[in-house]
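Undergrad: The structure under discussion is supplied below as structure tokens; questions concerning it will follow.
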Amino acid sequence: MIDYTTHMPQPTPKQPARRKKRGQPRGRSVRPDALADIRALLGERPRRRDLLIEFLHLVQDRHGHISAAHIVALAREMKLAPAEIYEVATFYHHFDVVKEGETPPPPLTVRVCDSITCEMFGGEQLIAGLQQKAGGGVRIQRVPCVGRCEAAPVAVVGTNPVTAATADSVLQAIKANATEAAPPRCGDYTHYKDNHGYALLNAVASGERDAESIIAALEQSNLRGLGGAGFPAGRKWRIVAAEAAPRCLAVNIDEGEPGTFKDRHYLEHDPHRFLEGMLIAAYVVGVEAIYIYLRDEYAGIRAMLETELARLRDSPPCPAPWTLPPIELRRGAGAYICGEESAMIESIEGKRGMPRLRPPFVAQNGLFGRPTLEHNMETLYWVRDIIEQGADWFASHGRNGRSGLRSFSVSGRVNKPGVHLAPAGITARELIDEYCEGMTPGHELYAYFPGGASGGILPASLADIPLDFDTLNEHNCFIGSAAVIVLSDKDSARAAALNAMRFFSHESCGKCTPCRVGTAKAAQLMAKPAWDTALLGELSQVMSDASICGLGQAAANPLQCVIQYFPHELAE
């Protein structure tokens, strides 16, 4: 009988497993030089989990990228898993994560905006010209809106914005090493106080003005959230104040909606008016800590706010026993989704900026699980004026049956783009004629976005609709943050809608399938010479009905408007 086992391959003797010494961490070993660098960068800062994004900025700013070695060293220092740090760092567009063996990016990055208004004013030609002329040592990177649409096209050299940019002006900035954004020349604390600044805060802190009268005045003024959602401000204060302490205040200055730049405008001109409104809200609602979330593109404003907040700490605006609450200025990292309130809160906590499922709402369970008053910066900016001049003063403004004031960020084919403070309910035609000095010579009004990229597109025949909350709903549009982008007869609504959809596809956080897959698929279909309108209509419905947050729910608005109002463009 043949013993077949003698002809079979014999198993290799098992080698004893190499065990790590007791107490030695598993995974990639830490490089001593990288650990020393991380410790030097972090200094005496507490190694709190919520500071992770701030620490990643320190590494990115110092080295121009974030290496694998630095991720491992940071994980050791913060007692986190490297994978946890990696997933956060790779979520945000402004962090360049370089794996082992990969080539780091060039020393200088020039970001060129390719969003709607910049594309209208030659953004693509600017990108092509810079790619041809920039030379080595410079990376040309196309990016979404950088919040300077009134001076399109825009390039950002390092952190220094170059407005109305040409290839030559950008190259000149590079040659002059003008890579740092200059803080705005305004916002002096002493000057603001000398002009009756913080007098209202003193009245509130001393008990001269009670909390109930403040909230009642906001309710009577009909002030609504000016970041886009439009929730009544007074009601929000009342809801959060009724929650159990401790409470937080989170200020949203991550205005990433293409076409929007009003928050930047007010911070550059009168930042302490916002800061006073913020402190009044904190006192009235009874919050114990304030977090200001500022978009990373506003480097000059960040430097200014750091200076002014330091002055407030050194010389509090109110006498004892009032004390300035802890205020932390947090830096975004290039993620449009963090304009959504719960995604912003996740980011402040040092995580990926992914929207939360609701309920619970942030008013009950927000930052660090605490009841949180979340506000757009401009909403707080108006608090002082409304309380000092009376609710009727604010409510008395308005047209066409609407009340209040609106800060319109206007860009596109008008003679005077910029932020225009106008009565709520003004029409697009009135806004252009009365505040923007009409259309650019040689251009006729063709279409307009009433509320940024997500607000939809309306034709000139509907330019007499009052612009305000709820007035545009029947036309499948909304005012949002009041970013009005004006298109002329030399522009294409179809091209603008495709630009918007590509933006949403790029900025989708990926958490839910309808948005992650839907925006990408819609952009592919919209890029084809002929639109499959039936399929795009079905896709739009799924995105609107099933997406978790407003990004996916509103992303299809521009394409639906093109199908409804500009069918002639699809027939061409």
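The values are calculated or read from the model by the stated rules, or taken from the named source; none is laboratory data. Predicted model only: the values in this text are computed from it and were never measured. Cβ atoms come from the backbone with ideal geometry, glycine included; neighbour counts cover every protein chain shown. Just so you know, the surface numbers come from the protein's heavy atoms only, side chains and all, with ligands and any DNA or RNA stripped out. Shrake-Rupley method; radii C 1.70, N 1.55, O 1.52, S 1.80 Å.
Undergrad: Roll a 1.4 Å probe over the protein heavy atoms and report the accessible area of Trp382 in Å², nearest 10.
TA: Result for Trp382: roughly 20 Å² accessible.
Undergrad: Could you tell me which GluC sites (Glu not before Pro) in segment 43-131 are loop residues by DSSP with no more than 12 other beta carbons within 10 angstrom of their beta carbon?
TA: When the GluC sites (Glu not before Pro) of segment 43-131 are filtered for loop state and at most 12 Cβ neighbours within 10 Å, Glu44, Glu100, Glu102 remain.
Undergrad: I've got another one for you. Tell me whether segment 481-549 comes out rounded, prolate or oblate; compute the Cα gyration tensor, take square roots of the eigenvalues as a ≥ b ≥ c, and use a/c under 1.5 as the rounded threshold.
TA: Oblate is the answer for segment 481-549, as a/c is 1.5 or above yet b/c matches or exceeds a/b.
Undergrad: If ligands, DNA and RNA are left out, what is the accessible area of Leu405 with a 1.4 Å probe, given in Å² to the nearest 10?
TA: Leu405 exposes around 10 Å² with every protein chain in place.
Undergrad: How much length is gained on full extension from Ala245 to Leu421, taking 0.36 nm per residue of separation minus their Cα-Cα distance?
TA: 59.7 nm
Undergrad: Ordering Arg142, Arg185 by how much accessible area each has at a 1.4 Å probe, largest first, what is the list?
TA: Arg185, Arg142
Undergrad: A follow-up question, please. At 7 Å along the Cα-to-beta-carbon direction for both His475 and Asp392, put a label point, then send me their distance in nm to one decimal.
TA: Here the answer is 3.3 nm between the modelled labels.
Undergrad: For segment 425-464, what does the convex hull of the Cα positions come to per residue, in cubic angstrom?
TA: 73
Undergrad: Oh, and also: Mind running the shape call on segment 234-330? Use the C-alpha gyration tensor, a ≥ b ≥ c as the square roots of the eigenvalues: rounded below 1.5 for a/c, prolate if a/b tops b/c, oblate otherwise.
TA: Cα axes put segment 234-330 in the oblate bin.
Undergrad: Now, a different point. Work out the length of the dipole vector of the chain about its Cα centre, built from +1 on the beta-carbon of each Lys and Arg and -1 on the beta-carbon of each Asp and Glu, and round it to the nearest 20 debye.
TA: Magnitude of the dipole: close to 2740 debye.
Undergrad: With the contact rule set at Cα under 8 Å and sequence spacing of 6 or more, what percent relative contact order holds for segment 450-572?
TA: Result for segment 450-572 is 32 percent.
Undergrad: Full-extension gain between His568 and Phe361, please, as 0.36 nm times their residue separation minus the C-alpha to C-alpha distance.
TA: 70.2 nm
Undergrad: Compare Asp464, Asp545 by solvent-accessible area with a 1.4 Å probe and give them largest first, with all protein chains kept in place.
TA: Heavy-atom accessible area, descending, gives Asp545, Asp464.
Undergrad: Pop the C-beta distance of Lys521 and Asp194 into the FRET formula with R0 = 51 Å and round what comes out to the nearest 0.05.
TA: Between Lys521 and Asp194 the formula returns 0.35.
Undergrad: Another question about this same structure. Whenever you get a sec, line up His65, His272, His191 from highest to lowest accessible area (probe 1.4 Å, protein heavy atoms).
TA: His191, His65, His272
Undergrad: Going toward the positive end of the dipole of segment 160-217, with +1 on Lys and Arg Cβ and -1 on Asp and Glu Cβ, which of Ile174, Val204, Ala164 do you reach last?
TA: Final value for the positive-end residue is Ile174.
Undergrad: Can you return the aspartates and glutamates within cross-link range of Lys351? Criterion is Cα-Cα under 15 Å, with same-chain partners fewer than 8 residues away left out.
TA: Asp50, Glu54, Glu84, Glu87, Glu340, Glu341
Undergrad: Let me know the charge dipole size of segment 332-371 about its Cα centre in debye, to the nearest 20, where only the beta-carbon of Lys, Arg (+1) and Asp, Glu (-1) is charged.
TA: The calculation lands at about 100 debye.
Undergrad: Could you work out the relative contact order of the chain? I mean the mean sequence separation of Cα pairs under 8 Å and 6+ apart, divided by the number of residues, in percent.
TA: In percent, rounded to a whole number, it is 12.
Undergrad: Modelling each spin label as a point 7 Å along the Cα-to-Cβ direction, I'd like the Arg48/Thr90 distance in nm, to one decimal.
TA: Each label point is offset 7 Å from its Cα along the Cβ direction, giving 2.8 nm.
Undergrad: Per residue, how many Å² of accessible area does segment 25-127 show with a 1.4 Å probe?
TA: I get 48 Å² per residue for segment 25-127.
Undergrad: Dipole of segment 407-495, Cα-centred, from +1 at each Lys and Arg C-beta and -1 at each Asp and Glu C-beta, to the nearest 20 debye?
TA: Charge dipole, segment 407-495, about its Cα centre: 320 debye, nearest 20.
Undergrad: While we're looking at this one, here's another question. Calculate I(q)/I(0) for segment 146-300 by the Debye formula, one identical point scatterer on each C-alpha and no solvent, and give its log10 at q = 0.17, 0.18 Å⁻¹ to two decimals.
TA: For segment 146-300, the Cα-only Debye profile gives -1.08, -1.16.
Undergrad: Accessible area of Cys186, 1.4 Å probe, to the nearest 10 Å²?
TA: The value for Cys186 is about 40 Å².
Undergrad: Please give, to one decimal in nm, the separation of the simple spin-label points placed at Thr533 and Ala229, each 7 Å out from Cα toward the Cβ.
TA: 3.6
Undergrad: Let me ask something additional. Which one, Gly234, Gly518, Val59, is farthest towards the positive end of the dipole of the chain when Lys and Arg carry +1 and Asp and Glu -1 on their Cβ?
TA: Val59
Undergrad: For a paramagnetic label modelled at 7 Å from the Cα of Glu180 toward its Cβ, which residues of segment 293-316 fall within the zone defined by backbone nitrogen distances under 19 Å?
TA: Residues passing the 19 Å test: 296-310.
Undergrad: For the chain, with all protein chains present and a 1.4 Å probe, just round the carbon and sulfur fraction of the accessible area to a whole percent.
TA: With neighbouring chains kept in place, the figure for the chain is 51 percent.
Undergrad: Provide the per residue accessible area, probe 1.4 Å, for segment 353-430, rounded to a whole number of square angstrom.
TA: Accessible area per residue: 34 Å².
Undergrad: Can you pick out the pairs among Lys490/Lys528; Lys175/Lys416; Lys99/Lys175; Lys416/Lys490; Lys236/Lys262; Lys175/Lys262 whose Cα atoms lie more than 24 Å from each other?
TA: Lys175/Lys416; Lys99/Lys175; Lys175/Lys262
Undergrad: Could you point to the residue in Gly136, Ala527, Ser505 farthest towards the positive end of the chain's charge dipole, with +1 and -1 charges on the Cβ of Lys/Arg and Asp/Glu respectively?
TA: Projecting each Cα onto the dipole axis, the largest value belongs to Gly136.
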